[in-house]
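*Asks:* The structure that follows is given in the form of structure tokens.
The values are calculated or read from the model by the stated rules, or taken from the named source; none is laboratory data. The structure displayed is predicted, hence computed values, not measured ones. Cβ placement follows ideal geometry from the backbone for every residue including glycine, while neighbour counts extend to all protein chains displayed. In case anyone asks, the SASA skips ligands and DNA or RNA and just uses the protein heavy atoms, side chains included. Shrake-Rupley method; radii C 1.70, N 1.55, O 1.52, S 1.80 Å.
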Amino acid sequence: MTRVKDLREYLAVLESLDDVQHIERPVSAMLEAAAITRRSTEMRRPAPLFDTIQATRPGFRLLGAPGALSSDPRYPLARVALSLGLSHDATAQELVEHLAAVHAKAAIPPKVISPDLAPCKQNILLGAEATLDRFPIPLIHEDDGGRYVNTWGVIVARTPDGRWTNWSISRIMMIDYHRMTGLFLLQQHIGMIWAEWEKIGKPMPFAVVQGGDPGVPMVGGMPIPAEVDEGTFLGTLYGEPVEVVQCETVDLQVPAGAEVVIEGHVSITRDATEGPYAEFHGYALPETSPEPVYTIEAITYRDNPIWPISATGRPPDDSQIAPALGVSAEVLALLRKAGLPITTAWLLVDTACHWMIITVPRNWRDELLDTSTTEFVHRIGELMSANRVGHMCPVTYVLDDDIDPSNTSDVLWALGTRIHPTQRQQHWPVPILPWYQCYTEQERHSGNGPIVLHDGLLASIEDGQARAATFDNLYPQEIRERVLAAETNPAPTVGR
């Protein structure tokens, strides 16, 4: 299919799938829009598009849950698939394969276009006029530290020497109409780049992008390797370059179809208090931290801009789905590069991205001769413990590929019947990120904790491997075909 290139094309496709709900009555950006979005996400309803925002100029809109699960239970990942250039009916495994394949392709960097051709340049505010007061900046949760400018957009930043341009999602809170603050964790790419500017004593140029190509925030929420530009990664994924345009006041390029672009510089000192904010792990914690200040110097935007929001919380929602896909694809690529037979990998969204499920083909012993299940799982653990993406998987289960790891029912059955309570598990000490709630407070603050790998592989067929007691396995093909044919062409009902 032809890929979707901006948010408005994306909405048109979602409309054709009955996956958009227009909210035409006046709605407040202060909690109400986010509450509707949160309710929509939890109930698996169409994405809410707020056409009338109170105390905001006519035409300015909010879009809730742009990257959440679809309202159609047949195609739960439709919004994700469309965002990443695939058909709406793509499966979890197809999406993971699509992303993992990028590493083997020739890189396609972004294409710079003229400002005259860039929709994000339709309106330009500079200097004192560049203020947030005309936009419907939402208050997402009641206990948040303030209104959050960025929940489903990307921050564009570049290293001082220009070698690496990063597009990443990280929350940003409004301080006032000219200033913002946000997280700069040194373990994250945005924090790594900020640290380089801090080292040379110069404020960091930034651009915050809202809307546009729906693949931008998806990839911005994924842990692709450091020093890899997301714009190039996305173009390589699409097979064609992402169009970008030069910013007005800083030496950065941004997606040309963006709805809103905020430009300026970030301080090299941590002078603001950020948070609290209910995060992707599913808890509203009263945590704050000292963070740098974003000073706004320019804002450009499309006519009648659409501002996307994610009402983060207990999974599944946008904030877990993009990272789950990214981690899954990177783990798959890592293990296959090492020559291991892997069917797929899936970071289970329902666990707030805490559990990784890795499945392997039933004939893996033919490729790894004289290798026990313990040795196979140990090799997986060695690779994951030595790689940043493996550190994002506190718990990993290795299973045979009769299990669909994106099917929670399948996974729970396998875990209940194939995972020993105390045996067949391996622990690895690694650096950890502070938001994984399964760790102790001491582990989160120190940045060090264990990951664990569980060996749930079945015995070999020669050793009496069990078969799943299902329709496909319990009945001969002739009987199955007769049953399925009757479902497709049921006999007419005869009246009494």
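*Asks:* Taking interchain pairs and intrachain pairs at least six residues apart, which have beta carbon atoms under 6 angstrom, with the first residue in region 11-33 and under 20 Å from residue 212 (Cα atoms) and the second part of a loop (DSSP other than H, G, I, E, B) and of a type in the set (Gly, Ala, Ser)?
*Replies:* Filtered contacts from region 11-33: 19/70; 19/71.
*Asks:* For a quick check of your reading: which strands (runs of 3 or more DSSP E) sit entirely within region 226-292 and have at least 2 residues that are surrounded by fewer than 17 Cβ atoms within 10 Å (Cβ to Cβ) and of a type outside the set (Val, Ile, Thr)? Don't jump to the end; show me each part of the working.
*Replies:* Details: elements: 243-246, 253-255, 260-266, 272-274, 289-291.
Because the criterion is at least 2 residues that are surrounded by fewer than 17 Cβ atoms within 10 Å (Cβ to Cβ) and of a type outside the set (Val, Ile, Thr), the strands (runs of 3 or more DSSP E) in region 226-292 that meet it are 289-291.
*Asks:* Would you please list the contacts, defined by Cβ atoms under 7 Å and residues six or more apart or on different chains, that run from a residue in region 159-172 that is open to solvent by 20 Å² or more (accessible area, probe 1.4 Å) to a residue that is among the β-branched types (Val, Ile, Thr) and assigned to a loop (DSSP other than H, G, I, E, B)?
*Replies:* 171/151
*Asks:* Within region 4-106, considering only helices (runs of 4 or more DSSP H) that don't extend past its boundaries, which have at least 2 residues that are among the β-branched types (Val, Ile, Thr) and under 25 Å from residue 348 (Cα atoms)?
*Replies:* 32-43
*Asks:* Additional query: Just give me the residues in region 141-158 being open to solvent by less than 10 Å² (accessible area, probe 1.4 Å) and part of a loop (DSSP other than H, G, I, E, B), in sequence order.
*Replies:* 153
*Asks:* Let me ask something else. Tell me which residues, restricted to region 1-10, are touching a residue at least 12 places away in the same chain (Cβ under 8 Å), open to solvent by 80 Å² or more (accessible area, probe 1.4 Å) and of a type in the set (D, E, K, R). Working first, answer last.
*Replies:* Just the residues of region 1-10 that are touching a residue at least 12 places away in the same chain (Cβ under 8 Å), to begin with: 1, 3-8, 10.
Keeping just the survivors that are open to solvent by 80 Å² or more (accessible area, probe 1.4 Å) gives 1, 5.
Listed by number, the list holds a single entry, 5.
*Asks:* Hey, among the residues in region 366-388 that are open to solvent by 80 Å² or more (accessible area, probe 1.4 Å) and either of a type in the set (A, V, I, L, M) or touching a His at 6+ places or on another chain (Cβ under 7 Å) (or both), which one's nearest to residue 331 (Cα to Cα)?
*Replies:* The qualifying residue nearest to residue 331 (Cα to Cα) is 386.
*Asks:* Right, next: Mind listing just one residue for me: the one in region 293-325 that is in contact with a Phe, Trp or Tyr (Cβ under 7 Å, 6 or more places away or on another chain), polar (S, T, N, Q) and not in a loop (DSSP other than H, G, I, E, B) and, of those, farthest from residue 217 (Cα to Cα)?
*Replies:* Once the filter is applied, the top-ranked residue is 320.
*Asks:* Could you check region 342-365 and list, in sequence order, the residues that are open to solvent by less than 10 Å² (accessible area, probe 1.4 Å) and not small (Gly, Ala, Ser)? Can you show your working first?
*Replies:* At the first step, the residues of region 342-365 found to be open to solvent by less than 10 Å² (accessible area, probe 1.4 Å) are 344-345, 347-348, 352-353, 356-360, 364.
Of everything in region 342-365, those that are open to solvent by less than 10 Å² (accessible area, probe 1.4 Å) and not small (Gly, Ala, Ser) turn out to be 344, 347, 348, 353, 356, 357, 358, 359, 360, 364.
*Asks:* Restricting the search to region 11-20, which residues are surrounded by fewer than 18 Cβ atoms within 10 Å (Cβ to Cβ) and either touching a Pro at 6+ places or on another chain (Cβ under 6 Å) or of a type in the set (Asp, Glu) (or both)?
*Replies:* 15, 18
*Asks:* Is region 274-291 home to any residue that is β-branched (Val, Ile, Thr), at pLDDT 95 or above and more than 25 Å from residue 160 (Cα to Cα)? Before you say what the answer is, go through the steps one by one.
*Replies:* Filtering region 274-291 down to residues β-branched (Val, Ile, Thr) leaves 288.
Those left that are additionally at pLDDT 95 or above: 288.
Adding the requirement that they be more than 25 Å from residue 160 (Cα to Cα) leaves 288.
Looking through region 274-291, at least one residue is β-branched (Val, Ile, Thr), at pLDDT 95 or above and more than 25 Å from residue 160 (Cα to Cα).
*Asks:* On the basis of being open to solvent by less than 70 Å² (accessible area, probe 1.4 Å) and free of Cβ contacts under 8 Å to residues at least 12 places away in the same chain, does residue 443 make the cut?
*Replies:* Working: open to solvent by less than 70 Å² (accessible area, probe 1.4 Å): yes; free of Cβ contacts under 8 Å to residues at least 12 places away in the same chain: yes.
Yes: the conditions hold for residue 443.
*Asks:* Take residues that are in contact with a strand residue (DSSP E or B) (Cβ under 6 Å, 6 or more places away or on another chain) and tell me which of the helices (runs of 4 or more DSSP H) falling wholly in region 363-460 contain 3 or more. So that I can check it myself, show each step before the final result.
*Replies:* Working: elements: 364-367, 373-385, 408-418, 441-446.
It comes to 373-385.
*Asks:* Could I ask something else about it? Does residue 375 fit the bill of being free of Cβ contacts under 8 Å to residues at least 12 places away in the same chain and within 22 Å of residue 280 (Cα to Cα)?
*Replies:* Values: free of Cβ contacts under 8 Å to residues at least 12 places away in the same chain: yes; within 22 Å of residue 280 (Cα to Cα): no.
The answer is no for residue 375.
*Asks:* Then there's this: Report whether or not residue 408 is open to solvent by 40 Å² or more (accessible area, probe 1.4 Å), of a type in the set (S, T, N, Q) and in contact (Cβ under 8 Å) with a residue 40 or more places away in the chain.
*Replies:* Numbers: open to solvent by 40 Å² or more (accessible area, probe 1.4 Å): yes; of a type in the set (S, T, N, Q): yes; in contact (Cβ under 8 Å) with a residue 40 or more places away in the chain: yes.
Against the criterion (open to solvent by 40 Å² or more (accessible area, probe 1.4 Å), of a type in the set (S, T, N, Q) and in contact (Cβ under 8 Å) with a residue 40 or more places away in the chain), residue 408 qualifies.
*Asks:* Do the conditions hold for residue 424, that is, is it at pLDDT 95 or above, among the basic types (Lys, Arg) and open to solvent by 70 Å² or more (accessible area, probe 1.4 Å)?
*Replies:* Values: at pLDDT 95 or above: yes; among the basic types (Lys, Arg): yes; open to solvent by 70 Å² or more (accessible area, probe 1.4 Å): yes.
Yes; evaluated as a whole, the condition is true for this residue.
*Asks:* Consider region 58-74. How many of its residues are open to solvent by 10 Å² or more (accessible area, probe 1.4 Å) and in contact (Cβ under 8 Å) with a residue 24 or more places away in the chain?
*Replies:* Initially, region 58-74 is screened for residues open to solvent by 10 Å² or more (accessible area, probe 1.4 Å), giving 58-61, 69, 71-74.
Okay, now just the ones that are also in contact (Cβ under 8 Å) with a residue 24 or more places away in the chain, so 59-61, 69, 71-73.
Residues that pass the stated criteria total 7.
*Asks:* Now for a separate question. Scan region 292-303 and report the pairs whose first residue is under 17 Å from residue 251 (Cβ atoms) and whose second residue is acidic (Asp, Glu) and surrounded by fewer than 23 Cβ atoms within 10 Å (Cβ to Cβ), with Cβ atoms within less than 7 Å and a gap of 6+ or a chain change.
*Replies:* Final answer for the pair search is 298/248; 300/248.
*Asks:* Return the residue satisfying two criteria in turn: it lies in region 173-217 and is open to solvent by 10 Å² or more (accessible area, probe 1.4 Å) and of a type in the set (Val, Ile, Thr), and of such residues it is farthest from residue 30 (Cα to Cα).
*Replies:* Only one residue fits best here, namely 200.
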